[in-house]
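The values are calculated or read from the model by the stated rules, or taken from the named source; none is laboratory data. Since we're looking at a predicted model, the values are computed, not measured. Counting neighbours? That spans all protein chains shown, and the Cβs are built from the backbone with ideal geometry, glycine included. Just so you know, the surface numbers come from the protein's heavy atoms only, side chains and all, with ligands and any DNA or RNA stripped out. Shrake-Rupley method; radii C 1.70, N 1.55, O 1.52, S 1.80 Å.
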Amino acid sequence: MLNPEEKDGEAIRQAIATLSEAVGSARHGLPEEVFLFVSSLTPMVNVDLLIRDDEGRTLLTWRHDRFYGPGWHVPGGILRFKESSAARIAAVAAHELGAEVDFAPNPLCRHELVNANRDVRGHFISLLHACRLKSTPDPARRFDPASPRHGDWAWHAGCPEPLIPVHEVYRAFINGDPAARGCSLTQVSGKNTEKP
């Protein structure tokens, strides 16, 4: 007969086996429910793309979801299991902009963002990479202020409002402030990073 600790261990092993069978390879991402559960167990590592042009503008995308509400954000995405930062940067550019980018391999900065009020999607380690467009973003995804759509893009001469709270850490970069380039590589934010 199993003691309570052994029973708990067996139940966990069975649950993991069931999840593993249902998920398959995590290299292609996780089903939403599994991803949200995993995000409550461990920090998520993501890449963010700081895309600027010769006029000093920054390319941002409109976001409207249950975690951050409506606002502008730097395009970005969470690394998949055994995926390189380079592959995720290319995937983000293709998925969010319909474009290709070149990028600097070393991040401009690294931020650790912790939301004390939320466990699901509550801890991120974000790597901001300087990027340049190699191709034009998909014109069908151009932002229209008369009918904002999640995922649409627009160029900005300065930091627009509203900026999603979690990307306030990038305000100086979006504004093209030369002092931003001298920021510490690691910055930690424990503030609430979502809309009330």
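Based on this model, can you work out whether residue 126 counts as among the hydroxyl-bearing types (Ser, Thr, Tyr) and either at pLDDT below 95 or open to solvent by less than 20 Å² (accessible area, probe 1.4 Å) (or both)?
For residue 126, the condition - among the hydroxyl-bearing types (Ser, Thr, Tyr) and either at pLDDT below 95 or open to solvent by less than 20 Å² (accessible area, probe 1.4 Å) (or both) - is met.
Would you point out which residue out of 143, 173 is open to solvent by 30 Å² or more (accessible area, probe 1.4 Å), out of contact with any Pro (no Cβ under 9 Å at 6 or more places or on another chain) and at pLDDT 95 or above?
143
Select from segment 103-118 the residues that are more than 14 Å from the chain's Cα centre (by Cα), over 23 Å from residue 133 (Cβ atoms) and surrounded by 15 or more Cβ atoms within 10 Å (Cβ to Cβ) and list them in ascending order.
115, 118
Looking at 130, 146 in this structure, which one is under 22 Å from residue 69 (Cβ atoms) and more than 12 Å from the chain's Cα centre (by Cα)?
Exactly one residue qualifies, and that residue is 146.
Taking into account only those residues within segment 81-102 that are assigned to a loop (DSSP other than H, G, I, E, B) and small (Gly, Ala, Ser), which is most open to solvent (accessible area, probe 1.4 Å)? Let's see the steps before the verdict.
Step one: list which residues in segment 81-102 are assigned to a loop (DSSP other than H, G, I, E, B), which gives 81-84, 98-100.
From what's left, small (Gly, Ala, Ser): 84, 98-99.
Values: 84: 62, 98: 36, 99: 7 Å².
Looking at the filtered set, the residue picked out is 84.
So, in segment 43-80, how many residues would count as being open to solvent by 10 Å² or more (accessible area, probe 1.4 Å) and assigned to a strand (DSSP E or B)?
Restricting attention to segment 43-80, the residues satisfying the condition of being open to solvent by 10 Å² or more (accessible area, probe 1.4 Å) are 43-46, 52-57, 62-67, 69-70, 72-73, 76-80.
The next check asks that each one be assigned to a strand (DSSP E or B); those that pass are 44-46, 52, 62-65, 69-70, 72-73, 76-78.
Of the residues in segment 43-80, 15 are open to solvent by 10 Å² or more (accessible area, probe 1.4 Å) and assigned to a strand (DSSP E or B).
Return only the number of the condition from (1) within 30 Å of residue 101 (Cα to Cα); (2) surrounded by 11 or more Cβ atoms within 10 Å (Cβ to Cβ) that residue 28 does not satisfy.
Only one criterion in (1) within 30 Å of residue 101 (Cα to Cα); (2) surrounded by 11 or more Cβ atoms within 10 Å (Cβ to Cβ) is unmet by residue 28, namely (2).
I'm told residue 35 meets every condition in (1) over 26 Å from residue 118 (Cα atoms); (2) modelled with pLDDT of 90 or more; (3) assigned to a helix (DSSP H, G or I) except one. Can you identify the failing condition by its number?
In the conditions (1) over 26 Å from residue 118 (Cα atoms); (2) modelled with pLDDT of 90 or more; (3) assigned to a helix (DSSP H, G or I), residue 35 misses (1) alone.
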